Amino acid sequence: MLRFLVALSFGLLFASPVFASEPTLRDYHANANHPDAWQGGVRMIPIHTPAGDFRVWTRRVGNNPRIKVLLLHGGPGATHEPFEVFDSFLPADGVEYYYYDQLGSYYSDQPDDPKLLNIDRFVDEVEQVRVALGLDKDNFYLLGHSWGGMLAIEYALKHQDHLKGLIISNMVSSIPAYNKYANDVLMPELGAANLAELRKLDAAKDYANPRFEELLVPHYEHHVLRRPMAEWPEPVVRGFVRHLNKKVYVPMQGPSELGASGILVDWDRTEDLKNITVPTLVIGARYDTMDPKYMEMMSKRLPRGEYLYLPNGSHCSYYDDQDAYFAGLLKFLHTTDDAKQGG
């Protein structure tokens, strides 16, 4: 079950003021004009889909009229929960941010309908969430991690006129490129005998076999989150194991961690990156499941792209290289904000 991992982030840094004057703790936690205040920032947002109307869960943290970050979690079918580590750092920096469980994820409605499992529908869902939350080009930053990074790229290609900035965290712009990196670089690290056994189990679709997980443990601990799995953060285990919706994950990603094989298998937007003109930060890490050199290349194809390289991080670099991750993220947010104000 732990093969279904992809995760999100952690912060630090006190940067320049982001309010009209030096913000106070009272400013950041003020509840005036927020209809969600009476229930702790939570809103269940109505979503219209081809399969009917449903609701998705969001939660606002803080107030900042110029920097509002919507977080797109990994999976597909995982949850916002690994992002809970943001609570340790973003409030101290004055950043407003929104947790959000996509349709089919644990805190949102979970319709069981294959018509809902396509990336265009997810993009439309994000746009409906944006409208409901009142985010716009003067304050709206979109951060997507792993699958959420795919979704963020697709959203920007269709709706970048609503964006102030974009963050693509630990995700390449091509699933074929990811599969090639996994096949050529990551899987051989397991050793010939272990890899042969894994491929045999994969061919038999014997994913419930405990041996399948045992063989992948070194991969998880080296490339997904660089700690012994017994020490993995509780929000990560909760969001990507206990609360993962396999009815979303398996059809879209595929059942095996030996590369993607589901609905998204042919997804590739590398040639379209040149069309994303908003300020964009691409985050990659040395030990990532995604090729860090490919992510660096992406940043150069983006007209206003920049690259944050994390030398100690893996796919969950917001946990295992968190100081560098959050310093870079917050620098990007404030630099983009300052440039917009100056412009």
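The values are calculated or read from the model by the stated rules, or taken from the named source; none is laboratory data. What you are looking at is a predicted structure, and each value in this text was computed from that prediction instead of being measured. Virtual Cβ from ideal backbone geometry, glycine too; neighbours counted across all protein chains shown.
The sole residue among Leu264, Leu273 that is under 18 Å from Gly148 (Cβ atoms), aliphatic (A, V, I, L, M) and in contact with a Lys or Arg (Cβ under 9 Å, 6 or more places away or on another chain) is Leu273.
Within segment 280-309, restricting attention to residues that are assigned to a loop (DSSP other than H, G, I, E, B) and of a type in the set (Asp, Glu), the residue that is surrounded by the fewest Cβ atoms within 10 Å (Cβ to Cβ) is Asp291.
In segment 25-52, the residues that are touching a residue at least 12 places away in the same chain (Cβ under 8 Å) and assigned to a helix (DSSP H, G or I) form Cβ pairs under 7 Å with partners that are surrounded by 12 or more Cβ atoms within 10 Å (Cβ to Cβ) and not hydroxyl-bearing (Ser, Thr, Tyr), at six or more places apart or across chains, as follows: Asp27/Phe19; Asp27/Asn63; Tyr28/Gly62; Tyr28/Asn63; Tyr28/Pro91; Tyr28/Gly94. Scanning segment 139-155 for residues that are under 21 Å from Gly77 (Cα atoms), crowded, with 24+ Cβ neighbours inside 10 Å and either at pLDDT below 95 or not polar (S, T, N, Q) (or both) turns up Leu142, Leu143, Gly144, His145, Trp147, Gly148, Gly149, Met150, Leu151, Ala152, Ile153, Tyr155. Taken residue by residue, segment 65-83 has no member that is at pLDDT below 95, acidic (Asp, Glu) and out of contact with any Leu (no Cβ under 7 Å at 6 or more places or on another chain).
Of all the criteria given as (1) modelled with pLDDT of 95 or more; (2) closer than 23 Å to Leu157 by Cβ, the one not satisfied by Ala339 is (1).
Here the helices (runs of 4 or more DSSP H) wholly within segment 102-185 that include at least 3 residues being closer than 23 Å to Thr277 by Cβ and not polar (S, T, N, Q) are 119-133, 147-159.
Being modelled with pLDDT of 95 or more, out of contact with any helix residue (DSSP H, G or I) (no Cβ under 8 Å at 6 or more places or on another chain) and either surrounded by fewer than 20 Cβ atoms within 10 Å (Cβ to Cβ) or under 20 Å from Asn312 (Cβ atoms) (or both), is that true of even one residue in segment 260-278? Yes: one or more hits.
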